[in-house]
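Read through the structure below, which is laid out as C-alpha cells, and then see the notes.
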Amino acid sequence: MPTYFLGKYTSVNFRDLQLILLDMARRRVRNGRVTERGLARLSGMSQPHIHNVLKSVREPSMETTDRLMAALGFGIGDLLGGGGPDRDSTFTFTAVPVLRARIGPGSLPIFDSFGGYMPVLSSLAAGLVQPVAARLAPDLVLPRACAANDIVLLDQNPAARSRPRSGVWVIAEDAYGMRIRYARLGDSRLFVFHEANSAEPGEWESLPLSGQNILDIVRARIVWIGREMETEAPGSPGPAGEGY
C-alpha cells in the first residue's frame, strides 16, 4: 500500500485530500474489502452516486466527502498517512500545526499562530504536550545537530521545560528573538550556551530566574529534526560511473 507523504505542508489543500480519499476508496473496492453497495449503505448515499464519484464522473461535494470518510472510518491523519483503520500502525501520521514564523534571531514566533499543518509520524508525536513544528532561521551558533531551514518538532511539556537537562531547547533569550540553544538549570539561574562555548562553562550566559517564570524563557524542547537534502541544478550530471 503506498504512503502519501506530504512534505511541503503549504501545498496541501482540501482537493489534495479529496483525491487521496477517492484513491484509497477505489483501492478498497478493487481489493474486495468493500463494495460500492456497501459504501452506499454505510454513507447513506445512493449506489449510482457512489459509482459516479469513484469513476470521476461527478465531483464529490463536501458533504459527500465527509460521508465517504465516515463510511470508511478515516480521519485527516489517515489521509495524510495514506492508511486507514487497517493501516500498518508503524506508519500512521498525526497532523501537527506549523508555526507561522521561523525560530531564530530577529524573530519572535507566536506559539499559537499557525501557517499550516505537517504530517508527523504518530510514534514521534505520542506523549508530547501541544506539539508544534517550526522552521529554523539562520543563526551563526546553532547546535551541531541543527541547520538553517531545518523543520523541527517541538514539545511544549511544561514539566520538562521547568527543569531543562539534556537536549536542545527553544530559548526566548531577549526581546529580539528566540534562539536554539542548550540549557542547564542552576540555583535560581538558567545557564544558556551554544556549540562554540559548550566546553567552557565560564562563558555560558547566566539568566536570573528570580521574579521570572522559567516557562517564559524555555519555550519548547526539540524532539525531531527534518532536513531537506541539497539538490543539484536541473540537468547536472552525476559523477561518471554512478548508477541508481
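Things worth noting here:
- Rg and Dmax over the alpha-carbon atoms of segment 140-202 stand at 11.9, 35 Å.
- Ala220 long-range amide H proximity, modeled H, under 5 Å: Val170
- Burial ranking of peptide ranges 44-51, 95-102, 202-209 (average Cβ count within 10 Å, highest at the top): 95-102, 44-51, 202-209
- Dimensions (Å) - segment 95-226, Cα atoms, principal axes, largest first: 41, 29, 26
- Theoretical FRET efficiency, 1/(1+(r/R0)^6), r = Cβ-Cβ of Ala159 and Glu205, R0 22 Å, to 0.05: 0.40
- Between Leu42 and Arg100, the FRET efficiency from the beta-carbon distance, with R0 = 35 Å, is close to 0.35.
Values quoted throughout were computed directly from the atomic coordinates according to the rules given, and no laboratory measurement underlies them. What you are looking at is a predicted structure, and each value in this text was computed from that prediction instead of being measured. Neighbour counts run over all protein chains shown; Cβ positions are idealised from the backbone, glycine included.
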